[in-house]
Structure formats: structure tokens, C-alpha cells
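Please read the structure below before turning to the comments.
The values are calculated or read from the model by the stated rules, or taken from the named source; none is laboratory data. Since we're looking at a predicted model, the values are computed, not measured. For neighbour counting, all protein chains shown are included, and Cβ atoms are generated from backbone atoms with ideal geometry for every residue, glycine included.
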Amino acid sequence: MVVEAVFALLTFENRSYQPDDILRYTIAAVVFTIFYYLLWEIWLTYMERKIWKGMGKQK
């Protein structure tokens, strides 16, 4: 996330984006990042449950 933020800030400065463009990009980046992490957590929880169920059947 730090690398993404630094890259975005350098890009904004280099290309002289307008404040409205920066705000729209920031909102989109936050929304997509939250969505990505939620999706990752759902997948991780599913896999953990699947593994625990598989281990229970071996006993």
C-alpha cells in the first residue's frame, strides 16, 4: 500500500492532475482496496474451514 501511495503521489505531481481527478482516483483506490481485502478474507476463511473439516475426517 505504501508503494502504491508513493507512486500515485509522484504521478499526480508529475502529470499535474486537477484536484477533482485526484479525489476520484483516491476514492476508487480506497473502494477497490477494501473490496480486494474483503474478498481475500472471505477466501481465506473458506479455505481454513475446508482444511479444518478435512483434518477432522482423518481422525
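Residues that are at pLDDT below 90 and among the aliphatic types (A, V, I, L, M) within the stretch 30-59 comprise Ile51, Met55, listed in sequence order. For the stretch 3-25, the count of residues that are of a type in the set (A, V, I, L, M, F, W, C) and surrounded by fewer than 10 Cβ atoms within 10 Å (Cβ to Cβ) is nonzero.
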